[in-house]
Every structure is written in structure tokens, then in C-alpha cells.
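Have a look at this one before I ask anything.
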Amino acid sequence: MNKRLDWIQNELDTLKEGGLYNRIRTLSSPQGAWLQVDGKKVLNFCSNNYLGLANHPRMAAAAKAAIDRYGVGPGAVRSIAGTMELHLELEKRMASFKGVEAAITMQSGFVANLAAIPALVGKEDVLFTDELNHASIIDGCRLSGARIEKYKHADAADLDRVIRENKGSYRRALCVTDGVFSMDGDLAPLDKIYEITSQHDVMLMVDDAHGEGVVGRGGRGIVDHFGLHGKVDVEVGTFSKAFGVMGGVIAGNAAIIDWLRQRGRPFLFSSAATPADVAACIAAVDLLEESTELVDKLWENGNLFKKVMKVMGFDTGNSATPITPVMLGEAPLAQQFSRELFDENVFAMALGFPTVPKGKARIRVMLSAAHSPTDLEEGLEAFKKVGKKLGVI
Ligand SMILES: *Cc1c(COP(=O)(O)O)cnc(C)c1O
């Protein structure tokens, strides 16, 4: 190997010595309540497949039909020759689902943030961002070149303070927050945030990746949950979590979406989403609009799981969604807990520093509408056994 690349091996070795090297598990089954992982069948408490749509027969059928009709590749970026009827149909359906004027789709939720933020603010501007925002928001903020001012997590009063301190020092301002914070499952206080940003004439954007298909009426998202239609300027969402496919979406008023068609760089310079993905996303909107059954089941599962965990004596943090953190304190304990669960055929992720603050390591349980009552019972039984063995309960 070249000497000039030796540093990489050194860095990798340091990660391994510190127990921070991520060994990535491999699936040999579709997404669902159970997974085949590294040759073993395990109960799935890790995926963002909230509604069980990732392997839903109607979704798969829609994707297959789109391949037969439109082929597999988009062939171009959206702005040259990559916009198919399907893309426009999905955008129209999403705007209607979310109750906004217009929507534009992107290749992923990550990319949606990279498209939206730099199109709205630049060097002379300022960003007010929650200190715990997702990596893709952080990267979108950095790309924009605007000054970044953080406020305390989910703290509208602190946002007010930061905006006041920066008054007069910028051309435009944008406040950006996650809707649902995925490490704790808590919600941004979007109603209070809107009160503050509207007072100071600051644009407001929410990234609802974990709220889309989960919170609000029939999964219409956090803006719907708080009844803030027409008030939040930009809603970013993803098709890769509850929607079970892949892709991102930005929804808002017609002028903003028109502007993103002109200035959203990943829209202009990276090829369109594939016909199969787009058709499956449309099928997901169909399913969500037809019935709230899956969303209701997701919440029932989440509420039941949390309730029983609390009765057993576990600390499940302050989640307001079906995301269930199981607070354990130190990272080595969380890692050991996760390994012991895996031995009991339960796949649940340990999260430690720097993903979450020091001393706040946890197991994060991702519930899904795909879980049956027996699945939940088995999962809870495994938590009880491991919790007792490790002296947590
Ligand atoms: C997962 C996530 C994303 C990325 O979405 P993808 O569609 O997987 O790229 C963006 N923002 C937040 C808040 C997320 O949780």
C-alpha cells in the first residue's frame, strides 16, 4: 500500500481499539417483523419500516408494473429528460396528502436537505438550528455558506434568545428543525417555534423524516399534528422510512417549489429517481389515504411495548412516538445488552457517544405495524431476561 495512505489503516486501527469500529450486519431476507441476519432469524427492532410497507405486495406490484411500462432507469436528471409522468403524479399526490400547494421529490431525504437549505439561504444569511438536528440538515446548512447559530434542543425560548442576539446582522434567516428526533423519539415544539419565527419574520423549515407516515392524522406528519398548515414554509420528508421505499420530498407553497425546480442542485445535477421507486411511493400514498389501519397499528404496538417496558422497570426516556429508547447509561452496558438480545434472537441497536450524549447510551427499539402481538411478547420476554441478567431491572 502507498505510504501516503498509511494514515487510513492507523485511523481504522484506532477505531477498532476504542470499540468504535462499526461492523455492519448483512440481511438475506426482505424487511419485515423478522429478518435473516448473518445467517440467523431475528426479531427486527432496528428498521425504519414503520408501516411494514418495504415488502408490501401492493408496493412490489406497483414497482413491477412501472418497470414493465417505463424500464429501470430514469436516463437523465429531472430538468433535462428525466421527468416522467410518474414523478409529477407522485408530487401531486404528496402535495394533496400533506395539504400544501406543491411538492418536489428528490433522490433521498438526505439529498432533500442538501437541495432545500442552500436554495433558501446563502453567505449573507443566517440559520437557526436545533443543536440535535440530523446530519443531513447539518450538511445542508454547511453547504449553504450561511452563518449557523444553534439553539438548545427543542427549546423555543432559547430560539427566541438566539434570534434576538442576531437581529440586524443578516439579510434572510431560516430556522430548521427535525420534526421527530430519532434518538429519543421526541417532537420539536413546532407550534411554539412557529410563534417565535413568525414574530421575527424568520422562514421555517421542518425535516419530518421520522414523522411522515407516523404522526398527524393518518400519518400526514408533524405540521398536521400541530395544525400548522400554511404556516410552516418548508416540509422535508423521506420515502425511505414509513413509506418503505427510497426518496425524498420537499413540500410547501407553489413559489418555493418552483424556486427549487430552478435552484435545487441535486434536482438539477443528479439523475431522477427510478420508475420502480416512484411507482411504489405512489402506492404507499394510496395505502395511507385508503385507511389509517397501519398507522393505528404502529401506535398501538408502540404504546403497548412502552407500557410493559415501564412496568418491568425500564427507563424508556421521553419519547412521544413509537420510537422507544431504553436508557442504560454507559455505552459498554448498552453494547453488551444488544449482544445478549441478539443471542435471544432479538435485533436491537445500541447507541452510544457520539451518536447520543455521554452517559446516555441506550438500546433503541423501532416498533412497526408489521409486528404481531406474539412478536411483541417475544421481544418483551427477551428484554426481561437480559435486563435481569445484567442487573438493569
Ligand atoms: C433518515 C433521515 C434523513 C435521510 O433520509 P433518507 O431518505 O434515508 O436519505 C433525513 N433527515 C432525517 C431527520 C432523518 O431521520
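FYI, it's all coordinate maths here, none of it is from the lab. In this text the structure is predicted, and so the values were computed from the model without any measurement. For neighbour counting, all protein chains shown are included, and Cβ atoms are generated from backbone atoms with ideal geometry for every residue, glycine included.
Write down the Å³ per residue value for the convex hull defined by the alpha carbon atoms of the chain.
Each residue corresponds to 166 Å³ of Cα convex hull volume.
Near Lys3, which aspartates and glutamates are there with a Cα under 20 Å away, not counting those fewer than 8 places off in the same chain?
Within the straight-line cut-off, Lys3 pairs with Glu11, Asp13.
Each label point is 7 Å from the Cα along the Cα-to-Cβ direction; what then is the distance between the points at Ser372 and Lys384, in nm?
2.0
Determine Rg/Rh for region 23-106; Rg is computed over alpha-carbon atoms and Rh is the Kirkwood hydrodynamic estimate from the same atoms.
Ratio of gyration radius to Kirkwood radius: 1.08.
Of Ile256, Asn345, Gly244, which is farthest towards the positive pole of region 237-382's charge dipole, taken about the Cα centre with +1 and -1 on the beta-carbons of Lys, Arg and Asp, Glu respectively?
Highest projection toward the positive end goes to Ile256.
Would you work out which of Gly109, Ser96, Ala62 lies farthest towards the positive end of the dipole of the chain, given +1 charges on the beta-carbon of Lys and Arg and -1 on that of Asp and Glu, about the Cα centre?
Most positive-ward Cα: Gly109.
Wrap a convex hull around the Cα atoms of region 282-357, take a quarter of its surface area, and give that in square nanometres.
Result: 7.0 nm².
Then there is this: Taking 20 Å as the cut-off for C-alpha to C-alpha distance, list the pairs among Lys152/Lys306; Lys310/Lys360; Lys310/Lys384 that go past it.
Lys152/Lys306
Oh, and also: If packing is taken as the mean number of other Cβ atoms within 10 Å per residue, what is the order of 332-338, 218-224, 203-209, 290-296, highest first?
203-209, 218-224, 332-338, 290-296
So if I take the centroid of the Cα atoms in region 299-324 and the same for region 227-277, what is the distance between those two points in Å?
Cα centroid of region 299-324 versus Cα centroid of region 227-277: 32 Å apart.
With Kirkwood's inverse mean 1/r over C-alpha pairs for Rh, give me the Rg to Rh ratio of region 185-328, two decimals please.
1.02
Using a simple charge model, +1 on the beta-carbon of Lys and Arg, -1 on the beta-carbon of Asp and Glu, nothing else, what dipole does the chain show about its Cα centre, in debye to the nearest 20?
700
Out of region 1-83, which chymotrypsin sites (Phe, Trp or Tyr not before Pro) are coil in DSSP terms and have no more than 13 other C-beta atoms within 10 Å?
Tyr21
Moving to a separate point now. Quick one: the Cα spread of region 57-290 along its three principal axes, in angstroms, biggest first?
Extents along the principal axes, in whole Å: 57, 35, 29.
Only four residue types carry charge here, +1 at the Cβ of Lys and Arg and -1 at the Cβ of Asp and Glu. Report the dipole size of region 57-290 about the Cα centre in Debye, rounded to the nearest 20.
600
Here's something else I'd like to know. What size of dipole, in debye to the nearest 20, comes out for region 300-393 about its Cα centre when the only charges are +1 on Lys and Arg C-beta atoms and -1 on Asp and Glu C-beta atoms?
400
Here's another thing I want to ask about it. Toward the positive end of the charge dipole of the chain, about the Cα centre and with charges on Cβ (Lys, Arg +1; Asp, Glu -1), which of Leu204, Pro373, Gly140 goes farthest?
Checked the options; the winner is Gly140.
In addition: Starting from the Cα-Cα distance between Lys41 and Arg263, subtract it from 0.36 nm times their residue separation and give me the gain in nm to one decimal.
Length gained between Lys41 and Arg263: 75.3 nm.
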